[in-house]
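Participant: Shown below is the structure under consideration.
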Amino acid sequence: MIKVTGYAAKHSFSRLKPYEFEREEAGAHEVEIDVLYCGVCHSDIHQVKNEWSNTVYPCVPGHEIVGRVTKVGPSVKRHAVGDMVGVGCMIDSCGQCEACQCGDQNYCGSPNSWLATYNGPMLPTSKAGENIYGRDNTFGGYSNILVVKEEFVLKIPAGLRPEVAAPILCAGVTTYSPMKRWGVKAGDKVGVIGMGGLGHMAAKIAKAMGAEVTLFTTTEDKIEEAQKLGFKAVLEKDKKTFEELATSFDFILSTVPEKHDLNPFVKLLKRDSVLCVVGALEPLAPVDNMQLVLKRRSIAGSLIGNLADTQEVLDFCADHGIGPEIEMIRIQDVNDAYKKVEKGDARFRYVIDMGSLKEEIADA
């Protein structure tokens, strides 16, 4: 066993604090990773506070992980000691169902679905009646060491700074995957609802695909920020501009992580176009179906991305010289960072320098 130190919440009302636990050493097909950086995702906050009513405590968050391989099992072929690698939202899936056989591990159809990097199976034993992974809880990247099956470990391209690559492992692939799925291409007009960690990354990716991008926001300050990044931006309360943009978008992506009225945006879609929701994982307000049928429009959803898409978006970002706007923080400041994310004050993605955890361990 390996002694590991992380930051964990032990209750829905508790702050993240240092927590010591053990991981099994790397098996035949596993790699051990020295964690260097870990992004802060809004879902980390939802999970720590049990806002989805599925949290397993103690909860060690973190699924935007970049580190260096320090040990490999004897049967590992994809990675070597010294490689810079990443781990996203998943660390295992059944590998046998139709979705997994098609390479869509993020839609694993097993009784427990996929095994999350933290918080155990997506469908826990209490709901599935069984646990094919034999692990009720998993501990994520807010820790100094990670051990993961080699096929769930991604390669960080040399053209990406490791700290910038971290949020791409969730925010990047979560926005890239649906744009790929619905064929966003050069010349398309793409709308992005929300200009947070996901939204600004979606806008950068869509622009790199050759699309014309418009960001929609409820915050006036973000209009100027969008323009600085080279994007058009529209306030959601600007009814006149919404009327002018009617029936003009090929694809719209909603990245807002909470309940949000989609009806004003449905009217912006062209015939046969799609509005895809990736931010909110909860019931949304009813949609006026008349607006859907009149133009054969669709509303869809998309969940993170599969392993192939994750590697693809890492390479895509490296090739196009893009990445998220990040602010580096020490792990000791993560609770304050959570508060800023919830208030909408983050610009735009916090990344934890895990060297700060190593310093804490050394001083203990």
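The values are calculated or read from the model by the stated rules, or taken from the named source; none is laboratory data. What you are looking at is a predicted structure, and each value in this text was computed from that prediction instead of being measured. Here Cβ is always computed from backbone atoms with ideal geometry, including for glycine, and neighbour counts include all displayed protein chains. Quick note on the areas: whole protein, heavy atoms, side chains included, nothing else; ligands and nucleic acids left out. Shrake-Rupley method; radii C 1.70, N 1.55, O 1.52, S 1.80 Å.
Participant: Classify segment 273-336 from the C-alpha gyration tensor, please: rounded if a/c falls under 1.5, else prolate or oblate depending on whether a/b exceeds b/c. Spell out each step's value before the answer.
Facilitator: Values: a/c = 2.99, a/b = 1.64, b/c = 1.82.
Since a/c reaches 1.5 but b/c is at least a/b, the shape of segment 273-336 is classed as oblate.
Participant: Could you calculate the contour length gain from W52 to E327, that is, 0.36 nm times the residue separation minus the distance between their Cα atoms, to one decimal place in nm?
Facilitator: Gain on stretching W52 to E327: 96.3 nm.
Participant: Counting only helical runs of four or more DSSP H residues, what would the 222 nm mean residue ellipticity of the chain come to if each run contributes -39,500 (n - 2.57) and the total is spread over all its residues?
Facilitator: Mean residue ellipticity at 222 nm (helix-derived): -7000 deg cm²/dmol.
Participant: With unit charges on the beta carbon (Lys/Arg positive, Asp/Glu negative), name the residue among V266, A346, Q96 whose Cα is farthest towards the positive pole of the charge dipole of the chain.
Facilitator: V266
Participant: Amide H neighbours of R297 under 5 Å, at least 5 residues apart or on other chains, H built in the peptide plane: list them.
Facilitator: For R297, whose amide H was placed from the backbone, the distant partners under 5 Å are D272.
Participant: Next question. Most fluctuating residue of G39, G134, G120 in a GNM of the chain with Cα springs under 10 Å: which is it?
Facilitator: Of G39, G134, G120, the most mobile in the Gaussian network model is G134.
Participant: Under a 10 Å cutoff between Cα atoms, tell me which one of T255, T241, T219 has the largest fluctuation in the Gaussian network model of the chain.
Facilitator: T241
Participant: A further question follows. With a probe of 1.4 Å, find how much accessible area the chain has per residue, and write the answer as a whole number in Å².
Facilitator: Value returned for the chain: 44 Å² of accessible area per residue.
Participant: Once the Cβ-Cβ distance between S12 and A128 is put in as r, and R0 is 25 Å, what FRET efficiency do you end up with, to the nearest 0.05?
Facilitator: The calculated FRET efficiency here is 0.65.
Participant: Please list 3J(HN,Hα) in residue order for segment 261-276, calculated via the Karplus relation 6.51 cos²θ - 1.76 cosθ + 1.60 where θ = phi - 60°; whole Hz, with x for glycine and proline.
Facilitator: Taking θ as phi minus 60°, the curve returns 7, 8, 4, x, 7, 4, 5, 7, 6, 6, 4, 6, 9, 10, 10, 10 Hz for segment 261-276.
Participant: Enumerate the amide H contacts of A8 below 5 Å, restricted to partners 5 or more residues apart or on another chain; note that Pro and chain-start residues carry no placed amide H.
Facilitator: K17, Y19
Participant: Going down the table (K270/K343; K232/K270; K49/K339), which pairs top 22 Å between alpha carbons?
Facilitator: K270/K343
Participant: Using the Cα centre of the chain as the reference point, and only Cβ charges (+1 on K/R, -1 on D/E), how large is the resulting charge dipole? Debye, rounded to the nearest 20.
Facilitator: Rounded to the nearest 20 debye, it is 800 debye.
Participant: Once you've got the GNM for the chain with C-alpha springs shorter than 10 Å, pick whichever of E282, E30, E236 has the biggest mean-square fluctuation.
Facilitator: Most flexible of the set in this elastic network: E282.
Participant: A further question follows. Once each part is reduced to its C-alpha centroid, what is the distance from segment 297-364 to segment 164-202 in angstrom?
Facilitator: Result: 14 Å between the Cα centres.
Participant: Starting at the first residue of segment 24-35, write each ³J(HN,Hα) from the Karplus equation 6.51 cos²θ - 1.76 cosθ + 1.60 with θ = phi - 60°, in whole Hz, x for Gly and Pro.
Facilitator: Calculated HN-Hα couplings, in order: 6, 5, 4, x, 4, 10, 10, 10, 9, 10, 7, 6 Hz.
Participant: Can you say what percent of the DSSP beta bridges in the chain, counting only those with both residues inside, are antiparallel? Round to 5.
Facilitator: 55 percent
Participant: Taking amide hydrogens as modeled 1.01 Å from N in the peptide plane, which residues meet the under 5 Å criterion relative to L215, leaving out close sequence neighbours?
Facilitator: Hits under the 5 Å cutoff: V192, K232, A233, V234.
Participant: Let me know the charge dipole size of segment 142-192 about its Cα centre in debye, to the nearest 20, where only the beta-carbon of Lys, Arg (+1) and Asp, Glu (-1) is charged.
Facilitator: Dipole size: approximately 220 debye.
Participant: How big is the dipole moment of segment 244-293 about its Cα centre under a simple scheme where the beta carbon of each Lys and Arg is +1, that of each Asp and Glu is -1, and everything else is neutral? Debye, nearest 20, please.
Facilitator: 100 debye
Participant: Does segment 224-297 come out rounded, prolate or oblate, given a ≥ b ≥ c as the square roots of the eigenvalues of its C-alpha gyration tensor, rounded meaning a/c under 1.5 and, failing that, prolate meaning a/b above b/c?
Facilitator: oblate
Participant: Enumerate the calculated ³J(HN,Hα) couplings along segment 188-194 in order (Karplus 6.51 cos²θ - 1.76 cosθ + 1.60, θ = phi - 60°), each rounded to whole Hz, writing x wherever the residue is Gly or Pro.
Facilitator: Values per residue, Gly and Pro as x: 5, 9, 10, x, 10, 8, x Hz.
Participant: Testing the spin-label approximation: label points 7 Å from Cα along Cα→Cβ at R181 and R296. State their distance in nm.
Facilitator: About 2.1 nm separates the two model spin labels.
Participant: Of T138, V76, F242, which is farthest towards the positive pole of the chain's charge dipole, taken about the Cα centre with +1 and -1 on the beta-carbons of Lys, Arg and Asp, Glu respectively?
Facilitator: It is F242.
Participant: Right, something else. With unit charges on the beta carbons (Lys and Arg positive, Asp and Glu negative) and the dipole taken about the Cα centre of segment 6-48, which residue among A28, F13, S43 sits farthest to the positive side?
Facilitator: Among A28, F13, S43, the one farthest towards the positive end of the dipole of segment 6-48 is F13.
Participant: How much length is gained if the chain between A285 and S356 is pulled fully straight, taking 0.36 nm per residue apart and subtracting their Cα-Cα distance, in nm to one decimal?
Facilitator: Taking A285 through S356 to full extension adds about 21.3 nm, to one decimal.
Participant: First check a/c for segment 1-90, with a ≥ b ≥ c the square roots of the eigenvalues of its C-alpha gyration tensor; if it is under 1.5, answer rounded, and if not, answer prolate when a/b is larger than b/c or oblate otherwise.
Facilitator: prolate
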